[in-house]
Each structure stands twice: as C-alpha cells, then as structure tokens.
Amino acid sequence: MHVPLLDLRTQYARHREEIDAAMRRVVEQAAFILGPEVEEFERAFADYCHAHHAIGVASGTAALFLALKALDIGPGDEVITTPFTFFATASTIAHTGATPVFADIDPRTYNLNPDAVARAISPRTKAIVAVHLYGQPADMDPLREIAQAHGLWLIEDAAQAHGAEYKGARTGTLGDVACFSFYPTKNLGGFGDGRAVVTNDDEIAKKVRLLRNHGQDRKYHYALLGYGERLDALQAAVLRAKLPYLDAWNRARREAARRYNAFLADTGVVLPYEAPDIYHVYHCYTLRVPRRDEAVAYLREHGVGVAIHYPTPLHFQPVFAHLGWGEGSFPVAEQAAREVLSLPLYPEITDEQQAYVVQTLRNFLKEM
Ligand SMILES: *Cc1c(COP(=O)(O)O)cnc(C)c1O
C-alpha cells in the first residue's frame, strides 16, 4: 500500500467539471490579469473570512511583503516573528530592509509564545507577525494586548489557516492585516502561484492594491513605487470554483485528525494539541515522535508519505547568520525541529489509508 502525504488529483477528479468550466471561461474571455474573475474571487474570499477586503497577489513573497510595505515597515525597523515557520515569513521582513527578530514558541501549539514576544520588544519594534502554524490560530488576545500597549502592528501569516477560528472569529480578521497562500497544497490551493492579503482596514487595502500593480492609481500614472504582483484570472477562477467546498474540506481534515488521535492515543507519541476556543483546520497533522529521522526513513520505506515542517529553525539558516542567533537561542523551536513529523492528511484520505499509516508507525515504534 502507498499513502501519499497529500493527494491533489482526487480532489480535482471530484470537482473537475466546475473547475474546467471556470478555466475555460477565463480562456474564452481572454482576460488573464486582474479583471472580473479576480474581483469576484476577492469579494468571495473576503466574505469567507468575514473581512472587508481581500486583495489577490501573485508571488510567494508578495503577500507578506506588500502588507509590510503598506504599513511603512523598512530599514531600521524590527519585526518580531517565530523561527519555526516557512522561510517566507521571515524573508519578507528582511526584504523590506527591516530586521526579523525571533521569539520562541509554545511547545504544545508550536505558535508564538506571547511572553517571549513581550521580551523581544525594543524601541525599534514596529510589528508582530503571528503564524497560525499547521492550521491552528496563534494565541491572538495576548499578542493584541502587547501590540496595543506598544503601538505595534499585528500581522497574521494565515498561509496554513484558511477558515480557522480563534474565539469565534476567523483568521483574516484577528490582526491588522493577514496574508493567505493559495499554493497548490494549502487548504485552499490554486493550480499555480497565488495569495491574498486580507484586512478590515480601508487604507491598508487601498495601499496593497496600488503596490501590487506598480503603484498605478490610473492608467500610466504612478502614485507609489509599486511592484508587478497581480493575481492572475486563471488562479482566481480555480480558487472561486473551489472556495464553496473549503468548509467541508476543513471538516474532513478535522475528522481525519480525530481518527488519527483515536488510533494513536495509546502509542506514547505526542499528538497535536488543540488550544481551547479555537477551530483548528489541520493543514498539517503533526506529531512528535522518538528517533524522528529513523521514523521518517521507516515510514517512507513502507510507502507512507511524511514530511517535516520544519527541519531547521530560521535562526539557523545561513542567510540569517548575521543576526547572531545560535544554538540554544530558541530552545523550544529547536527541540520541535528535531522531533516533529507530519503524517498524510487531506480531506479525501480514507479510513483504510489512515489505518495503514497508523499500523506502519506502530510497527516502527515496536521495532525501535
Ligand atoms: C505556504 C506558506 C507561506 C507562503 O507560501 P507561498 O508558497 O509563497 O505561497 C508563508 N508562510 C507559511 C507559514 C506558509 O506555510
């Protein structure tokens, strides 16, 4: 048996007609950049987040980068974030000329530890970027209190958390501005590159709209030094066709996570923790296991697609060596990076597939 880490083809097969029709519509209208498809998707995604604005953008660095630029963050500024995240969370801070300042994480949720954030604040701090890792919202109330007390912006990296909730409010509305990714593997994924910036703030939205399109406020008239970072209509059409299913897919992910929890309860591995009052959307189902690297090799050898999110905390990345962090700077993140393991999880995963994954992991634990 082979169980992949994720299975995008099954999802496409189930919704092929709607998705193909959406793509054909774009091709036949021959309107490929921005335009009505993008506007309709932006409206639908803003509504989905219960937010006022969603602005579609293109590249992997664009969403966070343009959000930071819209907040006038740049050289001399510091932005606090987690070292236990995808690279783009911190690279976009550095691209503005600001300095990423890391703060350690909570060992149970893997999200920013608000006390560590409070300790990392300096007179130069301008913003906090909270990542909702694996689909679980960060602890936003204490982060918002810290942000308000120090006059900081609070930004959500919601790339893994479309539809997740914190105390009844959806991601996208938990800070000043939020960034989503529609990378094909995300809970809502396109057929290529695509992202969105989501906010309730009219000024931020207006500025991101200008910045993504060369700063052009009317044809061939440039109010700001902007970028070519527009969402394309094909991606928007695919995403709009898929959006109505997102809640059901998230429910299926939660159900699959619940099944893994039940199957693995007696094995002694550290299961995912859900903080009170949140709605976790399980972008990843991530455990801590003993002898993790051997577990990865064993599971792969036996046909189970697994992944490590993430093997190297960002303060160890060569590109951030000049920041001066070292071994022991963020011990909770460092330990997590040594122990975490993500099992196959996607809305269409079957009981049989999950049973095989669990049995294989049990065999490893027994042989160990
Ligand atoms: C996926 C992801 C991003 C952005 O990824 P892109 O591939 O550039 O869309 C940013 N932050 C986190 C935490 C992510 O998982």
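Ranking of R25, R230, R218 by neighbouring Cβ atoms within 10 Å, starting from the fewest: R218, R25, R230. Net length available on complete extension from A44 to H95 is 15.3 nm, with 0.36 nm assigned per residue and the Cα-Cα distance removed.
Candidates L225, A336, Y356 compared by Cα position along the dipole of segment 216-368: farthest toward the positive end lies L225, with charges placed on Cβ. Counting only aspartates and glutamates at least 8 places from K69 when in the same chain, those with an alpha carbon closer than 19 Å to its own are D77, E78, E156, D157, D176, D201, D202, E203, D217, E229. When T350, T312, T61 are arranged by Cβ crowding within 10 Å, least crowded first, meaning fewest neighbours, the order is T350, T312, T61. Stokes-Einstein diffusion for the chain, with the hydrodynamic radius set to the Kirkwood value over Cα pairs and evaluated at 10 °C in a medium of 1.306 mPa s, equals 75 µm²/s. Fully extending the segment from H2 to R16 would add 2.6 nm, taking 0.36 nm per residue of separation and subtracting the current Cα-Cα distance.
Dividing the helix sum by the residues of the chain, where each DSSP H run of 4 or more adds -39500 (n - 2.57), gives a mean residue ellipticity at 222 nm of -12000 deg cm²/dmol. By the count of other C-beta atoms within 10 Å, a proxy for reagent exposure, H53, H221, H132, H302 are ordered fewest to most as H221, H302, H53, H132.
The listed peptides 339-348, 4-13, ordered by packing as a protection proxy, come out as 339-348, 4-13 (highest mean of other Cβ atoms within 10 Å first). Relative protection proxy for 262-268, 357-363, 105-111, from highest mean packing down: 105-111, 357-363, 262-268 (other beta-carbon atoms within 10 angstrom).
Bear in mind that the values in this text are calculations on the coordinates, not laboratory data. On a predicted model such as this, the values are computed, not experimentally measured, just so you know. Glycine gets a Cβ as well: all are built from the backbone with ideal geometry, and neighbour counts include every protein chain shown.
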